Amino acid sequence: MTKFLLAVHVLAAIVAVGPVTVAASMFPPAARRFLAAPEDGRAGVTVRLLHRICQVYAAVGVAVPVFGFATAGAMGVTGDAWLIASTVLTVLAAGVLLVLVLPRQEVLAEGRGTRETTVRLAMFTGIFNLLWATVTVLMIVRPGSTTGA
């Protein structure tokens, strides 16, 4: 059962978090193009599509910690420092996405905001991606692991 839970957890992370990180990273330059040429219908469609991808996959991403905790419970590692650190970083990443990234995307997708808004959005997106990269490394390296990693 542990292998199944771990497989679902990893697949959920790839399928849910991957699209958010890519779409969120693509959003600021697309929004700059849209702000520069608001009459360009394709630019507006692109921005709205990228925002929708981020919203949908953020919701699907809830499966990642759900299966992560199920896997940790099955492995008996819920109290390990690396998992606690990963959990804290995951909560921070979710907070950055929900409070700092998605609302700014919404403003820009509606054609409001400025170039400065896109710069701040790019910064917050970078923080979100860095947090997820750190969680990924912790999940692979797992300090104190007996896997030899």
List, please: which pairs have Cβ atoms under 8 Å, are six or more places apart or on different chains, and start with a residue in region 23-40 that is touching a residue at least 24 places away in the same chain (Cβ under 8 Å) and end with one that is of a type in the set (Asp, Glu)?
-> Phe34/Asp40
What residue, among those in region 37-67 that are out of contact with any helix residue (DSSP H, G or I) (no Cβ under 8 Å at 6 or more places or on another chain) and small (Gly, Ala, Ser), is least open to solvent (accessible area, probe 1.4 Å)?
-> Gly41
Cβ-Cβ under 7 Å pairs, at least 6 apart or on other chains, region 65-78 side closer than 16 Å to Ala94 by Cα, far side among the hydrophobic types (A, V, I, L, M, F, W, C) and open to solvent by 70 Å² or more (accessible area, probe 1.4 Å) = none
Among the candidates Val119, Val96, which residue alone is closer than 24 Å to Pro28 by Cα and crowded, with 18+ Cβ neighbours inside 10 Å?
-> Val96
In region 7-23, is there at least one residue being open to solvent by less than 30 Å² (accessible area, probe 1.4 Å), hydrophobic (A, V, I, L, M, F, W, C) and over 25 Å from Arg142 (Cα atoms)?
-> yes
Would you check if there is a residue in region 99-107 being among the hydrophobic types (A, V, I, L, M, F, W, C) and more than 29 Å from Asp40 (Cβ to Cβ)?
-> yes
Selection from region 78-92 of residues that are surrounded by fewer than 16 Cβ atoms within 10 Å (Cβ to Cβ) and β-branched (Val, Ile, Thr) | Thr78, Ile84, Val88, Val91
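The values are calculated or read from the model by the stated rules, or taken from the named source; none is laboratory data. Being a predicted model, the structure only gives us computed values, none of them experimental. As a convention, Cβ positions derive from the backbone with ideal geometry for all residues, glycine included, and neighbour counts pool all protein chains shown. Side chains are part of the model used for accessible areas, which takes the heavy atoms of the whole protein and leaves out ligands, DNA and RNA. Shrake-Rupley method; radii C 1.70, N 1.55, O 1.52, S 1.80 Å.
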